[in-house]
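Structure first, commentary second.
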Amino acid sequence: MGNPLLDISAVVDPDFLTKYDIKVNNAILAEDKHLPMYDEMSSKYNVEYIAGGATQNSIRVAQWLLQIPGATSYMGCIGKDKYGAEMKKNSKSAGVNVHYYEDETAPTGTCAVCVVGGERSLIANLSAANCYKTEHLKRPENWALVEKAKYIYIAGFFLTVSPESIQLVAEHAAATNKVFTMNLSAPFICEFFKDAQDKALPYVDYVFGNETEARTFSKVHGYEIAIKISQMPKASSTRKRITVVTQGADPVVVAQDGKVTTYPVIFLQKAKLVDTNGAGDAFVGGFLSQLVVEKPIAECVRAACYASNVIIQRSGCTYPEKPDFN
């Protein structure tokens, strides 16, 4: 479950970021001052429209690597408009079994993806994505997806929309011994949605995040990072929590059983970097694609690094028709 957003992606000037008070490589929710930027991007720059939203990106990448139609399902809220129709078409053609809640009053959410020097900044205008209702999750045809799933992934961004939906699914996962995974998603989630995040964390078997998010999390909670997150209380004692922290071009950190293991990422020449949008989402999608077929952690990280390496050499969270991951 997550926030389905249509990415409006463009390479912009540094002045554009300054004008709208946007930091490089950050992810924020749009405020009133940001609203004019969407039209300005479309008129001033060469924009691409790509079906996005963090969780949806990860699920599409996992689906791509698995190459088994309908192996993945996804829920979130879109508007009844052309962007929503485009999103539906994109996701279904990607092989994902989408069950969108369609809101009649709000337009489909969008996310401005501003790329400067290969680094992306995300400004999300949630609109319809913010209208997701727990009632949709409880409908028999949708709850059936939850019951059928063996692995569940929700990005932390969804904590801003429907924490009660997250709790319902998290409690179901703990009661039925399913693997529940989440992402720290953005520094502002760790800071301003701390209570909702802390409520969900006991149910989480795998926590993903990048070094900036992990650092903010540790600052808010007042302690060291990866090992501590892995050792926080859990609702179920069946399996211990594993924390996975990415650090851009630096090694991936995996904390498990009080120990940290690092894994190198795939080296990429700067000239081949197109943009980093979706790199973290692709990392999670790659990781999940091997986790669900019960591969060891090292293989999960290898697939994660492969997927993010593919995505950063393309515009947005897109990929070739078939993976060449062995």
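The values are calculated or read from the model by the stated rules, or taken from the named source; none is laboratory data. None of these values were measured; they are calculated from a predicted model. In this analysis, Cβ positions are derived from the backbone assuming ideal geometry, glycine residues included, and neighbour counts consider all displayed protein chains. The protein model used for the area step is the full one, side chains on, heavy atoms only, and it has no ligands, DNA or RNA in it. Shrake-Rupley method; radii C 1.70, N 1.55, O 1.52, S 1.80 Å.
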Top of Gln67, Gln56, Gln197 by mean-square fluctuation, Gaussian network on the chain, Cα under 10 Å: Gln67
Give me the 1.4 Å probe accessible area per residue for the range 97-178, excluding ligands and nucleic acids, in Å². 40
Starting from a Cα-only point model with no solvent, please compute log10 I(q)/I(0) by Debye for the range 90-249 at q = 0.10 1/Å. -0.41
For the range 187-236, report the % of Cα-Cα distances exceeding 16 Å. 33
Could you check the spin-label model distance between Thr134 and Gln269? Points 7 Å from the Cα along Cα→Cβ, value in nm. 5.5
Over the range 77-168, what is the relative contact order in percent, taking alpha-carbon pairs closer than 8 angstrom and at least six residues apart? 25
Any chance you could tell me what percent of the C-alpha pair distances in the range 6-103 go past 20 Å? 47
Over the range 218-264, what per residue volume does the convex hull of the Cα atoms give, in whole Å³? 81
Ellipsoid semi-axes in whole angstrom, largest first, where each is sqrt(5λ) of the Cα gyration tensor of the chain: 27, 23, 20
At 10 °C and 1.306 mPa s, what whole-number value in µm²/s does Stokes-Einstein give for the translational diffusion of the range 67-183, with Rh from the Kirkwood sum over Cα pairs? 103
Around Phe287, with a cut-off of 12 angstrom between Cβ atoms, what is the net charge of the other residues, counting Lys and Arg +1 and Asp and Glu -1? 0
For the range 239-326, what does the equivalent ellipsoid look like in terms of its semi-axes, each the square root of 5 times an eigenvalue of the Cα gyration tensor, given largest first in whole Å? 23, 15, 10
Protein accessible area in the chain, 1.4 Å probe - carbon and sulfur %: 52
Cα-Cα longer than 25 Å, checked against Lys44/Lys80; Lys219/Lys270; Lys82/Lys133; Lys89/Lys148; Lys133/Lys194, kept in input order, equals Lys44/Lys80; Lys219/Lys270
What number results when the radius of gyration of the range 174-326, computed over Cα atoms, is divided by 2.2 N^0.38 Å? 1.04
Summed residue charge, Cβ within 15 Å of Thr212's Cβ, Lys/Arg positive, Asp/Glu negative: -1
Could you work out how far apart the two model spin labels at Ala175 and Asp324 are, taking each label as a point 7 Å from the Cα in the direction of the beta carbon, and quote it in nm? 4.8
Per residue, accessible area of the range 216-271 with a 1.4 Å probe, heavy atoms of protein chains only, in Å², comes to 60
Output ordering of 114-123, 265-274 (per-residue mean of other Cβ within 10 Å, highest first) is 114-123, 265-274
For the chain, give me the percentage of DSSP beta bridges that are antiparallel, rounded to the nearest 5 percent. 40
